[in-house]
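Peer 1: Encoded as C-alpha cells, here's the structure I'll be asking about.
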Amino acid sequence: MRGVVLDRSTRSPVPDVLVSLWNPDGKGDPLAVTGTDGRGQFDTEIPILFGARPAAREVDGAGAQLVRVNRPGDGDRFGPLLTVGVPGRTRGDLVDSVVVYVDDAFSERRRFFGHALDPQGSAIATADLTVADPGGSRRDTVRTDAGGWFAFPLVDEVPARLRLWRQTPTGALVGDWTAEQGPEAALEFAAAREFGVDGKVTGIDAPVAVSGLRVELLDRSGAWVNPVDTATTGESGTFTMTFPALLEVPPQATFALYSQDLRLASQDLDGAWAAGPRAKVTIRLGETTRMVLRGQVLNRSSRRSVPGLRVELWTAGFGTLLQVRTTGPDGDFTCSLTGEAPADVGLRVYASSGLAAEQAVPAAQFSGGQASVFVEVDAEPPAPSSFRVAGRVLQHGAGQLPPALRVEGWDYSPRAGGLIGAAAYAAADGTFEIALPAPAGASSGAVPQLVFRLYAADVLVGTTPGAVTWGPDGTGTAVVELTGTIEDRGEVVLHELGETIADAVNRMQGQLSRYPSTVGTYVVDEMNVSVPVSVRLDGLGQIRTRVVEQVPDGTQVGQVTLRVRPALGVTGPAQPGLPQPLNVLTELTLTMVAALNGLRVYSVEDLVRLAQQPAGRQALVPLLPGVDLDALLAKAALLATPVLPAAVRQALVGLGFASLAAVADATDPEALANALSARIGQPITAGDVREWQRRVQAELAIPLPSDG
Amino acid sequence: MKVPLNDFLAGLAGGVLDGQLGLDELGRDSIDAFADTGVLPTVLAWRTVRVELPLRLGVQPKDGADAVSAAFLTPDGTARLALSLRYLESEQGVDDPQPVLRGPGVPTDEEVAP
C-alpha cells in the first residue's frame, strides 16, 4: 500500500507520523506499521497472515481495511487520529494512491467540517448551531460562516453520529451528521418533530384544580438541557408544553412544581411519550414530601469549617447518587429532596485527597422535613494562595488625610526569605487594598501578621500593628488609625516655602561674603527651584503645599517654581527683625494661640497677613470667641508695621497704644519720647517720635490721585 | 541621605570660595615669580558657576514664630535646582576698591567687548 498523509485544512503533507494497518474491527495487533517520510508519503507491504484467517480473508477479499495514523509516542494517549476505509483488492495487488486526510495534524485538536443547508437547500449563514451526540453527553456550539460552512473541533474519537440543531423563531431545525457522510458533509436541516405535554395539577385530598403554579419538565437522563420546558397552570389547573424533538430519545421526565422559588412537589413519569408525541400527566400536590438536609463540614481537630469540599448525597446504603453540592465559605451545604416520605440517605464528602468522610442520615433525623448534620473531616481548609486586605485609614480626631498616602503592609510572621510587604496608595477617603502572596508551604490556618506603615510624601507618618479581621478565604479587613497630627508632616503654607528658599539663599550669600571685596565679590546670580507639590486651600484661605515625589498614576499634582534673583545695588528696607510670637497679644488665651498655631499661624505677622484677606478674617471669628477682632487686628497691625523698629512697636503696645492711629494721634511727643526712653533704655527725643509719627501717618494715609 | 538645603548651599558657596582663594594664592605666587622667571603673572577667577541637578526636596515645617521651615535635599527626585553664581570684580587702582555691581544677566565689560 502506498499513500500520502495530508492535513485536511492546509493540504500540506504530514511528515513523521505512524501509519498502521488494522483489521476492519480495529482489534488485535496491527497488520503493518510504517512511517511517513518528509513528503508525508508512506509505502508498506500488507502481510498475508495465513495463520490468522480473519486478517488474511479481509486483505484477500473485497472488504475494507483500516488505516490509522498516530503521532509517534502518542500511544493510546491520543488514540488514532483517523480511521479510513480502503477498498480491498485481490491478493498480491498494489493498493496505490491512498490519500489519508488528518485534521489539525499540527495541533492536538481535530475538527470536522460541514456545510449547513436549510430545508430549501440554502446555506445557513452566520448562525449558531448546537452540536450534541445522540446521548447528549457532549454539547457545544459552533457558528457558521457567511457561506454556511462550519468546523467543529473533536477531542476524542470521531463519534459515529452527531446531531446539530438550530433554534429559529418559527421552530427548531435539526440535522444529523454521521461518520459515513465523511468529515466534510453537507447537512440538510429539517424542522424538528415536536414533543408535547398535556397536564393538570390537582390537590391531594380532592381533585381541586390548582392554578398559578410553575411546572418544569426536567430530564433525568442528562441528555436534554434542563429545564426542557416550563409552563404555568391556568385557572383549571391545566398546563401544556410543546418542545422540538431535538434528540431522538425523549426526556426521562420529571415534573417539578414551584410556587415562587419553593419547590412543592415533583413527579417522575417514565415512558411518557411511548404512546405518541403528546404525553398526558396529572400531578397531585402533596403526594410528595419535601426534605431539606442542611449540613456543615468541620475539621475534626480545629473545629474550623472547611469550604470548597464536594458533598454527595446518596440513597441509603450508598446505592444511587442523588445530588452533588460544594461546601460554601462556612463549610455549609443544603440539599433539597422530594419523596413520598422521609428516607434514609447517606453523605459522602470528598477532599482533594479523596473520600474524606462518609455518614448516614437516618430518616428519623428529619423533623418536619428538615434535618441538620455536621460532618467531621480531617481535611484542612484549603490555604489561600494570596491574602488580600481591604482597609481604611482614619485620622484620629477626624483630621484630613494627606493626598497620596501610601500604605505598606509588612508580614512579620516567619517566612522563608525574609519579610515581605505590599504597598498601595489610599484613596481620598482613606480606603486601600493590598495583596500579599501566601508563603509557600504554609498551613491553611496561618495568616500574615501585618504591620502597617503609612507614608505621606515619603515621610513615615505612622506605624501601627494591624488588627486585621481575617475571613476564611484569605481576605481580611482592617482599620488603621493615625494618632499623630498628620497635617503637620511636610505641609506648609505657600509663603513658608518661599521663606525657606529665601532664607537659604540669604545664608548662602552670607557665606559668599567671606571673599575680600578689594578683589571682587561673588553673588548669587540666580537660583531656580522647581518642585512637584500637592496644593490645597485650608479653612483659613491659606494655600497649603506639600512636596510630593511618588504619587499614584493619574493623580494631579502641582508644580511650584521659585526663582530668586538679586537686585544688586538696591538698598532694601531695614531688617524687620524676628517675627513676634502671638503671645504678645495679651487678648489671646493660650488655647487660642494653640489653635492658631495648629493652623500654622505662629506670629503677629502671620495674623496680620491672614486678616488682610476677607476669607481669613472671616475664618478667624469662630477661632477667637469673645475677642474684639477689630481691636485685636489694629493692635497686631501696630506690632507688625515695618515703619517702626520692633522694640519701639513693642514698647508702644506696652505703653497702652492699641493701634497705629493711636500712635499717629498722640499729642505729646515729648512725653511719649520720655516714656519710650524709659521703657527701651535708650535716649529718644521728641524729634524721633515726631518722625515715627510722620511715618505712621504716611502708612495710614489713603493714596490720592493728586499724589501723582 | 538627607542634606539640609542651607548646608548644601553653604557648602557649595564655600567650595567655590575656597577654590577661588586657591587660585588667588597661585596668582600671587606667579606675581612673586615674575622677577625670577619673566613669565607674565596670571590670576584666574571663577567667573560664573552654574549648577543644575535633579533632586528631591523635603520640607520640615516650622513649629514656632521665630523659626523657619527647614528644607532638605535627597538625590533621585523629580524636583530641579538650578543655581548660578557670578563673580563681580572690584575696580582696581583706587583707594577703596569695591565690586562693580551689576544686575543679573548684565554682561561684563569683557563680555561686551572681549
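The values are calculated or read from the model by the stated rules, or taken from the named source; none is laboratory data. All figures in this text were calculated on a predicted structure; none of them were measured in a lab. Positions of Cβ are backbone-derived with ideal geometry, glycine not excepted, and every protein chain shown enters the neighbour counts.
Peer 1: Going by what's in this entry, would A:Glu312 be described as crowded, with 18+ Cβ neighbours inside 10 Å, of a type in the set (Asp, Glu), part of a strand (DSSP E or B) and more than 29 Å from the chain's Cα centre (by Cα)?
Peer 2: So A:Glu312 fits the description; yes.
Peer 1: Here's something else I'd like to know. Look at region A:487-516 and say how many of its residues are more than 7 Å from chain B (Cβ to nearest Cβ) and without any contact (Cβ under 8 Å) to a residue 40 or more places away in the chain.
Peer 2: Residues meeting the conditions: 4.
Peer 1: Can you say whether A:Val361 is touching a residue at least 40 places away in the same chain (Cβ under 8 Å) and under 30 Å from A:Tyr425 (Cβ atoms), as far as the supplied structure shows?
Peer 2: no
Peer 1: So which residues in region A:402-421 are within 30 Å of A:Asp538 (Cα to Cα) and at pLDDT 75 or above, if there are any at all?
Peer 2: A:Leu405, A:Arg406, A:Val407, A:Glu408
Peer 1: Just to verify a result, which residue in region B:49-69, among those that are at the interface with another protein chain (Cβ under 7 Å from one of its Cβ atoms) and in contact with a Leu (Cβ under 9 Å, 6 or more places away or on another chain), is nearest to A:Val604 (Cα to Cα)?
Peer 2: Going through the qualifying residues, I end up with B:Ala65.
Peer 1: A follow-up question, please. I want to confirm something. Restricting to region B:26-75 and keeping residues that are in a helix (DSSP H, G or I) and small (Gly, Ala, Ser), which single residue is nearest to A:Ser534 (Cα to Cα)?
Peer 2: Taking the candidates together, the pick is B:Gly27.
Peer 1: Right, next: From the residues in region A:583-605 that are in contact (Cβ under 8 Å) with a residue 40 or more places away in the chain and not β-branched (Val, Ile, Thr), which one is surrounded by the most Cβ atoms within 10 Å (Cβ to Cβ)?
Peer 2: Selected residue: A:Arg600.
Peer 1: Given the residues A:Gly626, A:Gly656, A:Gly616, which is the only one that is buried (at least 16 other Cβ atoms within 10 Å of the Cβ), out of contact with any strand residue (DSSP E or B) (no Cβ under 9 Å at 6 or more places or on another chain) and either over 17 Å from A:Val696 (Cα atoms) or at pLDDT 85 or above (or both)?
Peer 2: Answer to the check: A:Gly616.
Quick grid of which residues meet (1) assigned to a strand (DSSP E or B); (2) surrounded by 14 or more Cβ atoms within 10 Å (Cβ to Cβ); (3) free of Cβ contacts under 8 Å to residues at least 60 places away in the same chain:
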| residue | (1), (2), (3) |
| --- | --- |
| A:Glu248 | no, no, no |
| A:Phe255 | yes, yes, yes |
| A:Leu264 | yes, yes, yes |
| A:Asp268 | yes, no, yes |
| A:Ala272 | no, yes, no |
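Peer 1: Looking at region B:12-48 only, could you name the residues that are within 30 Å of B:Ala79 (Cα to Cα) and within 9 Å of chain A (Cβ to nearest Cβ)?
Peer 2: Residues satisfying the conditions are B:Leu12, B:Ala13, B:Gly14, B:Val16, B:Leu17, B:Gln20, B:Trp46, B:Thr48.
Peer 1: Follow-up question, since we're still on this one. With the checklist (1) more than 24 Å from A:Val604 (Cβ to Cβ); (2) surrounded by fewer than 18 Cβ atoms within 10 Å (Cβ to Cβ); (3) among the hydrophobic types (A, V, I, L, M, F, W, C) in hand, flag the one item A:Ala673 doesn't pass.
Peer 2: Answer for A:Ala673: the failing condition is (2).
Peer 1: Those residues that are crowded, with 18+ Cβ neighbours inside 10 Å and either part of a helix (DSSP H, G or I) or modelled with pLDDT under 85 (or both), I need them from region A:635-649; list them, please.
Peer 2: A:Lys635, A:Ala636, A:Ala637, A:Leu638, A:Leu639, A:Ala640, A:Ala646, A:Val648, A:Arg649, listed by residue number.
Peer 1: Restricting attention to region A:315-334, which residues are assigned to a loop (DSSP other than H, G, I, E, B) and among the charged types (D, E, K, R)?
Peer 2: A:Asp330
Peer 1: Can you pull out every residue in region A:365-398 that is on the phi < 0 side of the Ramachandran plot, at pLDDT below 85 and loosely packed, with under 14 Cβ neighbours inside 10 Å?
Peer 2: Within region A:365-398, A:Ser367, A:Gln370, A:Ser385, A:Ser386, A:His396 qualify.
Peer 1: Looking at A:Asp128, A:Asp176, A:Asp118, A:Asp198, which one is assigned by TED's automatic domain parsing to the domain that holds A:Ala231 and at pLDDT 75 or above?
Peer 2: Within the list A:Asp128, A:Asp176, A:Asp118, A:Asp198, the selection yields A:Asp198.
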